[in-house]
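The values are calculated or read from the model by the stated rules, or taken from the named source; none is laboratory data. Since this is a predicted model, take the numbers as computed values, not measurements. When we count neighbours, we look across all protein chains shown, and the Cβ atoms used for this are built from the backbone with ideal geometry, even at glycine.
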Amino acid sequence: MGDEKQKESLGKIYKHNPLLLASLEVNSSNSRNELNNNDILVFNYILKLCQEQIRQKLFINKGLLNFSIGIEDFAKLFPNNPNWVREIISSLKRLFNTAVTFKNVKIPKCLASPEDEMPNTLFSNELSENDYEEFFEYSCHLISSLSKPKNKKDVVNFSIHPIIAYCAWTKTNYTHISLDKMFVLKSKYAQKIYEFIEYYVGLHKKKNDEIISISIGKKELKNLFKFDDDLPFSTKIQRINRNNILERDMNKIYEDFNIEKRKNELVITLKYPKNL
């Protein structure tokens, strides 16, 4: 009964998760400035671990954001890949060097301070409207600290940035990609589109066996996929559904999934609920 009341109170206080439309950029001279599919897979797994550890807590302190996980625990993300250790270590390093930028975000005031100046208790369900501050733009790192694992027997120690943890804690109307869907959704575009669809469905409370039409405009596409401004809109659409990979993957999850370009927007239609 207590858990149900807690969930109800969280639902009343917090809006949808701002992480969905945040932009991610790798700050490294040795790599591209975009995360690849493996990086996103590892990040979703880390975020899932964070959610499981903190989402039922009334008060979140810094100690809850520290994790020690064996490299072998990540192996299930890369089945039948003989280079899985290298892939995991590489993704963790890239995530450590990745900055996330939020737009028009409201966060607890104490999280707007430098991390070493934040209080031990970071946030709780006792926060009032006056405890928040709105930002037109705010950036932080996905991972605050990271050890240097070298082989599959090592344990990796890392810390989630408090704002990322806050996003995981205020989970209302935000759908995580479960592992079974990660293996089906091969492209980063498919993963983002899936998150956006589930966010839309949760926000609008769609019913079963309902035909849904979702329009994604230029600005939302840029926020979702970090496209360059000078890239033609038609080229963006081609990248998203290159070789019809997006439609093929999404039809494994939704019935009658279709994607098409109309003027300056991407229009998605599908039948809800999911097959998978």
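Tabulated results
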| quantity | calculated |
| --- | --- |
| Extreme residue, surrounded by the most Cβ atoms within 10 Å (Cβ to Cβ), among residues of region 29-63 that are part of a helix (DSSP H, G or I) and touching a Lys or Arg at 6+ places or on another chain (Cβ under 7 Å) | D39 |
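Residue-wise test of (1) of a type in the set (F, W, Y); (2) on the phi < 0 side of the Ramachandran plot; (3) at pLDDT below 70; (4) under 21 Å from the mean Cα position of the chain (by Cα).
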position: S23; (1), (2), (3), (4): no, yes, no, yes
position: R32; (1), (2), (3), (4): no, yes, yes, yes
position: L41; (1), (2), (3), (4): no, yes, no, yes
position: Y45; (1), (2), (3), (4): yes, yes, no, yes
position: L58; (1), (2), (3), (4): no, yes, no, no
position: G63; (1), (2), (3), (4): no, yes, no, no
